[in-house]
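Participant: Quick one: the structure is below, and I'll ask about it shortly.
The values are calculated or read from the model by the stated rules, or taken from the named source; none is laboratory data. All of these numbers come straight from a predicted model, not from anything done at the bench. All Cβ positions, even for glycine, are placed from backbone atoms using ideal geometry, and neighbour counts span all protein chains on display. Protein only, heavy atoms only, side chains kept; ligands, DNA and RNA dropped before computing areas. Shrake-Rupley method; radii C 1.70, N 1.55, O 1.52, S 1.80 Å.
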Amino acid sequence: MQKRLGILTSGGDCPGLNTVIRAVVNHATLTYNWQVVGIPYATRGLLERKAIPLSINGLDLRGIDPLLNMGGTILGSINKGDTLAHIDEIIAGYHALELDALIGVGGDGSLAILNQLQSKGNWQFIAIPKTIDNDVAKTERVVGFDTAVNTIVDALNRLTFTAASHDRVMIVEVMGRKAGHLALHSGIAGGADVILIPEIPHTIKGVCEHLAELRDRWGRRFAIVVVAEGVQIAADSSSHLSCEKPSCGMGQYIADELRHCSNNQIDIRVSVLGHIQRGGIPSALDRLADGQSAQMVAWQNGQVVAVPLEAVLACSPCLVDPNNFLVQTARSLSTYIGNITPAITNIL
Ligand code: F6P
């Protein structure tokens with residue numbers, strides 16, 4: 001009997017989601033002759049019992065396959081909501097839509113919710129990890145991360161020239177929630193002089209000294225500082241600042257700290273890349289998300305494998321290991337990335 005497969009995208013969008021939808025439709029149709037329906041706006045679509053038929057022909061425009069390089073998600077997504085307050089209706093929606101199986105494309109937060117639903121509703125459920133934050137455990141790659149890194153590197157390339165022309169320090173705030181993967185990968189690839197991530201304590205004094213050394217010893221009169229949005233502020237940080245951390249954003253906060261620490265001797269500008277990081281045409285790596293399993297599709301040692309979703313969620317969000325090779329790489333490139341010693345928590 002022909003099976004009916006649902007697919008939904010959940011959480012913040014990222015490049016590559018449409019590519020996943022296309023891969024699922026092609027694979028399910030051509031390999032298994034299954035019917036595929038898209039569930040709009042994630043669990044809200046199940047709650048409202050909405051399903052959009054997806055067929056190879058329907059996704060094809062005169063032989064052109066637009067989903068391959070289109071950012072965002074044609075199914076829509078929700079990033080917040082009260083899903084767990086409607087758990088029984090959502091489970092009933094899955095059965096009312098006569099689904100035999102569901103594929104959920106999401107980050108760790110969405111996958112945790114979908115995992116609760118599938119275990120209570122006894123669904124056949126497959127997870128595909130996506131997030132520009134790259135913080136899903138047990139997989140070396142998630143859909144969306146590579147494109148976001150490339151978008152940031154492009155911004156760093158552009159900012160380097162204007163920073164150099166005016167002898168400025170350019171602070172670039174990037175996303176990532178509590179994880180520093182985006183900042184670390186893009187900062188190294190984009191030649192940042194300082195990379196501040198939530199996982200490694202830093203000192204403003206350390207940053208200032210590094211910038212001074214760049215200028216005095218190496219004659220470099222400008223610098224690029226990449227700041228992850230989730231960077232921590234030490235509890236005893238001084239109170240001279242014109243704005244507090246939550247309202248002004250971390251890039252602005254660090255800029256004020258640096259100005260103060262240098263007696264206004266550093267000319268600083270701040271760029272917050274924001275949701276630009278979530279847009280764009282998916283890179284080649286972000287188009288390689290194809291696979292099938294009863295668990296979560298993961299990329300390990302260059303292979304697509306299945307890993308138990310419970311094991312993934314037990315270790316998520318997956319943060320940067322302060323001893324990993326990329327952190328060592330940054331240090332070997334003379335990038336200031338903070339101090340591993342946890343004792344150093346003073347901002348000044
Ligand atoms: O999780 C992806 C992400 O882009 C984070 O990096 C960021 O903190 C958050 O989502 C932004 O969410 P929103 O789109 O709801 O502002």
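Participant: Based on a Kirkwood Rh over C-alpha pairs, give the Stokes-Einstein translational diffusion coefficient of the chain at 25 °C and viscosity 0.890 mPa s in µm²/s.
Facilitator: Calculated translational D: 114 µm²/s.
Participant: If you don't mind, there's one more thing I want to ask. Any idea what the relative contact order of the chain is, in percent, if you count C-alpha pairs under 8 Å spaced at least 6 apart?
Facilitator: RCO, the chain: 22 percent.
Participant: Return one number: the angle in degrees, 0 to 90 and rounded to the nearest 10, between the long axis of the Cα atoms of helix 204-218 and the longest principal axis of the Cα atoms of the chain.
Facilitator: So the helix axis and the longest Cα principal axis differ by about 70 degrees.
Participant: Could you give the angle, 0 to 90 degrees to the nearest 10, between helix 250-261's Cα long axis and the longest principal axis of the Cα atoms of the chain?
Facilitator: 10 degrees
Participant: Positive end of the dipole of region 59-205, charges at C-beta (+1 Lys, Arg; -1 Asp, Glu), about the Cα centre: which of Leu75, Phe145, Ala85 has its Cα farthest in that direction?
Facilitator: Value computed over the given set: Phe145.
Participant: Right, something else. Specify the inter-centroid distance of region 136-182 and region 1-28, based on alpha-carbon positions, in whole Å.
Facilitator: So the separation of the two Cα centres works out to 27 Å.
Participant: When DSSP assigns beta bridges and you keep just the ones with both residues in the chain, what percent turn out antiparallel, to the nearest 5?
Facilitator: 20 percent
Participant: Is region 152-217 rounded, prolate or oblate when judged by the Cα gyration tensor, a ≥ b ≥ c being the square roots of its eigenvalues, rounded requiring a/c under 1.5 and prolate requiring a/b larger than b/c?
Facilitator: Verdict is oblate for region 152-217.
Participant: How much accessible surface area, in Å² rounded to 10, belongs to the heavy atoms of Lys50 with a 1.4 Å probe?
Facilitator: Accessible area of Lys50: about 100 Å².
Participant: Ordering Tyr94, Tyr32 from largest to smallest accessible area (1.4 angstrom probe), what's the sequence?
Facilitator: In descending accessible area the options line up as Tyr32, Tyr94.
Participant: May I pose another question? Cross-link partners among lysines for Lys205, C-alpha distance below 20 Å, same-chain residues fewer than 8 apart left out?
Facilitator: Partners found: Lys245.
Participant: Let me ask another. Given +1 on the Cβ of Lys and Arg, -1 on the Cβ of Asp and Glu, and no further charges, what dipole in debye does the chain carry about its Cα centre, rounded to the nearest 20?
Facilitator: 440 debye
Participant: Could you tell me the accessible area of Arg215 in Å² (1.4 Å probe, neighbours in place), rounded to the nearest ten?
Facilitator: Counting only protein heavy atoms, Arg215 exposes about 110 Å² to solvent.
Participant: Still on this model: How much of the DSSP bridge set in region 1-81 is antiparallel, in percent, rounded to the nearest 5?
Facilitator: Of the beta bridges lying entirely in region 1-81, close to 50 percent run antiparallel.
Participant: For Lys130, give me every one of the aspartates and glutamates with a C-alpha distance below 13 angstrom, ignoring sequence neighbours fewer than eight places off in its own chain.
Facilitator: The qualifying aspartates and glutamates are Asp13, Asp108, Glu140, Asp146, Asp286, Asp290.
Participant: Also, I was wondering about something else. Just going by the charge dipole of region 112-209, with Lys and Arg at +1 and Asp and Glu at -1 on Cβ, which of Ala112, Pro198, Met175 is farthest out on the positive end?
Facilitator: Farthest towards the positive end: Ala112.
Participant: Assign unit charges at the C-beta atoms only (+1 for Lys and Arg, -1 for Asp and Glu), then state the dipole size of region 39-103 relative to its Cα centre in Debye, rounded to the nearest 20.
Facilitator: 220 debye
Participant: As a quick test, which of the pairs Lys50/Lys138; Lys3/Lys80; Lys3/Lys138; Lys50/Lys80; Lys120/Lys178 have an alpha carbon distance above 22 angstrom in this structure?
Facilitator: Lys50/Lys138; Lys3/Lys80; Lys3/Lys138; Lys120/Lys178
Participant: Summing +1 for each Lys or Arg and -1 for each Asp or Glu, what net charge is found among the other residues whose Cβ lies under 15 Å from the Cβ of Asn115?
Facilitator: For residues surrounding Asn115, the net value is 0.
Participant: In addition: How far, in degrees from 0 to 90, does helix 108-121 lean away from the longest principal axis of the Cα atoms of the chain, to the nearest 10?
Facilitator: Tilt relative to the chain: about 30 degrees.
Participant: Another one. Using the Cβ atoms and a cut-off under 13 Å, what net charge is assigned to the surroundings of Asp100, where Lys and Arg are +1 and Asp and Glu are -1?
Facilitator: Taking every other residue near Asp100 into account, the sum is +1.
Participant: Okay, next question. Could you give the dipole magnitude of region 1-158 about its Cα centre, charging the beta-carbon of Lys and Arg +1 and that of Asp and Glu -1, in debye to the nearest 20?
Facilitator: Dipole magnitude for region 1-158 comes out near 240 debye.
Participant: So which residue, out of Arg141, Arg269, Arg44, gets the largest mean-square fluctuation from a GNM of the chain using Cα contacts under 10 Å as springs?
Facilitator: Arg269
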